[in-house]
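See below for the structure under consideration.
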Amino acid sequence: MTKIGEIYKCEICGNVVSVAQEGVGTLVCCNQNMKLLEKQNIDKEGKEKHVPVLSMEGNKVTVKVGSIEHPMEEEHHIVLIQILKDNKVIKEKRLYPGEKPEAIFLLENTEGIKAREFCNLHGLWIN
């Protein structure tokens, strides 16, 4: 069973799926079950370039990926930045190679929010 906000990846072709609506089925790609991505451990090497950093000015939330700017090259880049509240995705931005690894969101209420990002090589990271 899938849950809203989960992210799955095909270990064969690299397809990535973010669940927008829950279902009882299993996500399959290339004739095998897709892998549910778990957040990376912030103690893991590379956290300086992967853990999202939030800054807030009123209802404006800026998310920068990493305390050291993450590369945004074709082979290695941030694909997605999401804002979570109560473990649900409330805002997201798709990123592309060549862009800055950051996003700005306007929220009605910033209390209790978290940010997560998906790196095409190093997986899912949350602050």
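Some notes on this structure:
- Cα centroid separation, the stretch 52-122 to the stretch 1-21 (Å): 18 Å
- Using a Förster distance of 22 Å, the FRET efficiency for THR62-TYR96 (Cβ separation, nearest 0.05): 0.75
- A Förster radius of 22 Å combined with the Cβ-Cβ distance from GLU108 to SER55 puts the calculated FRET efficiency at roughly 0.80.
- Sites listed here are GluC sites (Glu not before Pro) in the stretch 67-104 whose DSSP assignment is loop and whose Cβ has at most 13 other Cβ atoms within 10 Å: GLU69, GLU74, GLU75, GLU99.
- Estimated from the Cβ-Cβ distance and a Förster radius of 30 angstrom, the FRET efficiency linking LYS88 and CYS30 is about 0.55.
- The stretch 47-126: relative contact order in percent, alpha carbon pairs under 8 Å with at least 6 residues between: 35 percent
- The slack between LYS3 and VAL17, meaning 0.36 nm per residue of separation minus the straight C-alpha distance, is 3.9 nm.
- Rounded to 5, percent antiparallel among DSSP beta bridges of the chain: 95 percent
- Order of MET56, MET1 under a 10 Å beta carbon neighbour criterion, fewest first: MET1, MET56
No value in this document is a laboratory result; all are computed from the given coordinates. This one's a predicted model, so the numbers in the text were calculated from it and none came from an experiment. Cβ atoms come from the backbone with ideal geometry, glycine included; neighbour counts cover every protein chain shown.
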